[in-house]
Amino acid sequence: MFEEVAFFQSVEDLHVTLQSGSYLLLVAEKTVLPSDFFDKNRRCVGAAFPYILYGEHAYAEGIIAAKLSLHTNIHVVCMEHLEKSILPPQSHSVLTLIESNSTHTDLFLETLYSLLPEKAKLIGAAGKNLFMHDTQICTTAYCQSDKAIILSSHLPIGLGVKHGWKALISPFIATRCQGNIVEKINFQDAYPVYKNAIEKNTLLRFKEMDFAKIAQQHPLGIVRYHKDFIVREPLKTDGQSLTLAGSLDENSVLNILEGNKDELIEAGEEAAQIALNHFQGETPSSVLLISCYSRFLFLEDAFETEMKAIASLYPPHIPFWGMLSLGELANDNQEGIAFYNNTCVVGVLP
């Protein structure tokens, strides 16, 4: 997918590199970019994330520049009006970036999955902002929809997805939902059910701790038949409902989860091994790690331990890079493209 991947501390350093070819830029949130940067560098598209990852370290400032190989196609698309011709039929791997606050995520992922060739693998992330030059517009007149970046290649990737969270309390039923807002659990207001269950089964008290801190330790898990659950993190509450980092279908079966740092690190390493086992090429060009920002906050200093454990499975000369996302994307099964929270997604790239 990419000819080379490099890290730059500042935009000034980056300008020396952008001489020819097309680039995907991952921008750490605190990096200062000129407002006209992407209009002046029309061969570049990119996205901003809370942190970017390079060489076993997380950076709050800096830019990763990934130069696209000649066999990689790049498209900036409208999430609401995705065209059927966007993916060549020979595509075996897809990388997509979306904005985390889009209201079109579910529709986009459903449509994109319907367009994927049968054996294609997809990896992706939700960021804070997407960047492209102003002439990239939807072909549907007057469309104001959110955009997505899609890269595709005929070369296959290795894909691994694991999270390491375990059920603490179960089961619950999400009896009333509106998009990413859970209004009722077991026919009662969602927040009191969540709060009372955690306080009954742990030493945590919501009056003594910030809601976000508790939610990072105890996300929700969507139960799937014969599969690992999908993690959903509560972001906030109004005292009655829970707002999640991703949508939830009504009548979903839920667990309240707990995490152990060692087990999360082991899960990250397992995802990396699965990705390596599924890689069909001879030598990877790079390894892409998409991990959740909340997972990073939960692991604290142990996050670099997870990065080192993952990187240790690959030859040291292979670029190891990625981002801390606000949602992880993958089609690691035949049922669709999943939107994950608090999950480690690893791609071994050709």
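The values are calculated or read from the model by the stated rules, or taken from the named source; none is laboratory data. These numbers come from a predicted model, not from an experiment. Heads up, the Cβs are rebuilt from the backbone with ideal geometry, glycines too, and the neighbour counts pull from every protein chain shown.
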Between a first residue in region 184-206 that is more than 15 Å from residue 170 (Cα to Cα) and a second residue that is among the aliphatic types (A, V, I, L, M) and surrounded by 13 or more Cβ atoms within 10 Å (Cβ to Cβ), which pairs have beta carbons less than 7 Å apart while being 6 or more apart in sequence or on different chains?
184/190; 191/242; 204/198; 204/214; 206/214
Of all strands (runs of 3 or more DSSP E) fully inside region 233-350, the set with 2 or more residues that are in contact with a Gly (Cβ under 6 Å, 6 or more places away or on another chain) and either over 30 Å from residue 153 (Cα atoms) or at pLDDT below 95 (or both) is 253-258
In region 66-89, is there at least one residue being within 17 Å of the chain's Cα centre (by Cα) and closer than 30 Å to residue 308 by Cβ?
no
Looking at 183, 270 in this structure, which one is surrounded by fewer than 21 Cβ atoms within 10 Å (Cβ to Cβ) and in the same structural domain as residue 340 (by TED's automatic domain parsing)?
270
Show the residue pairs meeting these rules: Cβ distance below 7 Å; 6+ apart or different chains; first residue within region 13-24 and assigned by TED's automatic domain parsing to the domain that holds residue 75 and part of a strand (DSSP E or B); second residue of a type in the set (Gly, Ala, Ser) and modelled with pLDDT under 85.
none
Quick one: which residue in 170, 153 is surrounded by 14 or more Cβ atoms within 10 Å (Cβ to Cβ), of a type in the set (Gly, Ala, Ser) and under 28 Å from residue 25 (Cα atoms)?
153
Note: among 265, 337, 318, just one is in contact with a Ser or Thr (Cβ under 9 Å, 6 or more places away or on another chain), within 24 Å of residue 202 (Cα to Cα) and among the hydrophobic types (A, V, I, L, M, F, W, C), namely 265
For region 129-152, does any single residue satisfy the condition of being part of a loop (DSSP other than H, G, I, E, B) and either in the same structural domain as residue 245 (by TED's automatic domain parsing) or modelled with pLDDT of 90 or more (or both)?
no
Mind counting the residues in region 12-39 that are of a type in the set (Val, Ile, Thr) and surrounded by fewer than 18 Cβ atoms within 10 Å (Cβ to Cβ)?
3
